[in-house]
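Inspection log for the structure reproduced underneath, given as structure tokens.
The values are calculated or read from the model by the stated rules, or taken from the named source; none is laboratory data. In this text, all values refer to a predicted model and were calculated from it rather than measured experimentally. Every residue, glycine among them, receives a Cβ derived from its backbone with ideal geometry; neighbour counts consider all protein chains shown.
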Amino acid sequence: MTDRTFPEVSIPYGDKTTKAMQITCDCCGGVAYFPHQTGLNRKPPSAATQHFQNKGWVVGNSPRKDFCPIHASPSKRKGQIAMADTTATIADKPRDLSREDRRIINDKLDEVYGKEAYKSPWTDAAVAKDLGVPRDWVSQVREQFFGPAGSNPLFDEFLTETARIDAAFAAYATSCAAAEKAAAAQKQAHADLSKQMDSFRVLARKVEREIGR
């Protein structure tokens, strides 16, 4: 499968924001992010694909085939897909944040949001995963009623380390592929040289016979 491209969005990253690639579940609208520019270097889409897959996501060859860990199994999304077939127009449009959704998110934030910041290890993403709602909903309610996301040093460190490990594995996979290709080329070169050597030996024996007469 060729490298997928993902929408680029800005997300909170410590006390700043950073660029991230976003994936959206076609079944429930849940989202996940891969910070791909936390410094001067930008990570490639292939690193995002690997990151999402490591998190349990099914990454398809188009956004319509992306599914979150909850709906990664076809059996988990069978009912919703069947419903989507009969109400395609409605299914194509994610539902809006309702008053009841807002209340549930607000109650959860009241538990996990401290003074001007989340209590460790909570974040917008963690709340969204816990409630099974889109992260954007959590961000919207949190900004409206509680304030900025604030910094979570432990989670910031986790994100940084995750990105570093993902990049290291991506680089390792690339180097392994290059080494494997080089080894195959070397093996072929040896085979070609062996054929040339066999032809040379035939010629050498012929010369020896002619000289020995």
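Tabulated data for the structure shown
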item: Checklist (1) β-branched (V, I, T); (2) surrounded by fewer than 17 Cβ atoms within 10 Å (Cβ to Cβ); (3) at pLDDT 90 or above applied to V127, failing item; result: (2)
item: The range 43-72 residues that are in contact (Cβ under 8 Å) with a residue 60 or more places away in the chain and surrounded by fewer than 16 Cβ atoms within 10 Å (Cβ to Cβ), paired with ones that are part of a loop (DSSP other than H, G, I, E, B) and β-branched (V, I, T) (beta carbon under 9 Å, 6 or more apart); result: N61/T2
item: Residue list for the range 107-124, restricted to those being surrounded by fewer than 18 Cβ atoms within 10 Å (Cβ to Cβ), of a type outside the set (D, E, K, R) and in a loop (DSSP other than H, G, I, E, B); result: G114, A117, S120, P121
item: Among the residues listed as I11, I104, the single one being among the β-branched types (V, I, T), out of contact with any Ser or Thr (no Cβ under 9 Å at 6 or more places or on another chain) and either modelled with pLDDT of 90 or more or not in a loop (DSSP other than H, G, I, E, B) (or both); result: I104
item: Any hit, the range 147-166, residues being modelled with pLDDT under 85, among the acidic types (D, E), more than 20 Å from G56 (Cα to Cα) and outside any helix (DSSP H, G or I); result: no
item: Sole residue being at pLDDT 90 or above and in a helix (DSSP H, G or I), chosen from V202, V138, V207; result: V138
item: Filter result for the condition that a residue is more than 22 Å from S10 (Cα to Cα) and among the acidic types (D, E), over D136, D192; result: D192
